[in-house]
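Some notes on the structure that comes next.
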Amino acid sequence: MASESAPFLSDNEHDDDYERQSNSPKSPAASTYFKRPLKILGGLTALTSVLTFALLIAIYILISIAPFENSRYDTSSADTVRDLAIVLFTTTFLLTPHLFLTLPAIIPLITDLVMTIVIFVFTAELLSQGYPSYSSCSRYRPYDPSNPYHRDPLPEKPECVAARDRICVMMGVAGIMGIAVGLLSVGLVILRAWALVKTKFWVGRMGSFKGWGLPGKGFEISFSLKIVRAGEGSSERVSEEERLIET
């Protein structure tokens with residue numbers, strides 16, 4: 001039986017795992033890896049995004065003033081152009097602070113990953129639905145009551161055809177530049193994820209879980225089992241009851 005004056009835990013006992021964890025050198029932060037490549041790639045991404053945004057604004061203005069015969073086609077094209085322009089503006093707005101500020105690695109990684117997916121989605125929408133339809137310049141003769149089920153087509157106006165072709169070419173260039181912004185963003189995501197992996201952040205987490213427990217070498221549980229006869233047990237209980245009554 002341990003003495004009451006003896007401490008439960010000795011002051012000289014230490015957790016060896018805790019000492020090894022405390023004395024082990026800490027891994028560098030993720031922001032210390034690939035600083036120059038991330039700056040260059042981030043600057044190229046922001047610059048390409050700004051140029052694509054400016055091109056999309058020009059396309060939006062041309063669509064709004066183009067002499068199309070059917071306004072429903074230019075409305076659909078203008079909507080897809082506007083959506084991608086908003087996405088690229090948001091991308092530039094979120095990316096610019098990363099070029100000048102040192103933020104926790106997980107924040108730029110998540111924002112770049114999300115914006116990369118959004119850029120590819122809206123760029124694909126631009127390339128698939130943004131082009132003005134060839135029917136946007138179609139013209140027909142005035143309605144003839146004598147022949148209500150047939151309308152003869154008229155030649156397309158040269159200015160409408162020129163505006164449509166110009167917008168289609170600019171739309172293709174904007175789509176290619178949007179893909180370039182997305183690929184540059186993929187490069188940023190890869191570098192940021194690689195830098196985060198190089199920190200081996202999970203080692204510290206596993207060490208902290210490993211260090212959970214009581215200080216010292218651990219603890220010990222012991223118990224004893226005593227078998228007595230029925231008569232002895234009853235006499236012991238009687239004597240115990242007598243002592244309790246006396247007290």
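Nothing in this text is a laboratory measurement; each read-out follows from the coordinates by a stated rule. This is a predicted model, so every value here is computed, not measured. Cβ sites come from the backbone with ideal geometry, for glycine too, and all protein chains shown count toward neighbours.
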Cα centroid of the stretch 183-198 to Cα centroid of the stretch 106-143, whole Å: 26
Gain in span if fully extended, residue 113 to residue 169, counting 0.36 nm per residue against the direct Cα distance: 17.2 nm
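Just subtract the alpha-carbon distance of residue 47 and residue 121 from 0.36 nm times their residue separation and send over the number in nm, one decimal.
Details: separation 74, 0.36 × 74 = 26.64 nm, distance 2.02 nm.
Gain in length upon complete extension: 24.6 nm.
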Label point distance in nm, residue 157-residue 90, each placed 7 Å from Cα along Cα→Cβ: 3.6
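Sorted by average packing, counted as other Cβ atoms within 10 angstrom per residue and highest first, what order do 115-121, 165-171 take?
On the way: 115-121: 19.6, 165-171: 16.6.
Going by the mean number of other Cβ atoms within 10 Å, highest first, we get 115-121, 165-171.
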Residue 139 long-range amide H proximity, modeled H, under 5 Å: 154
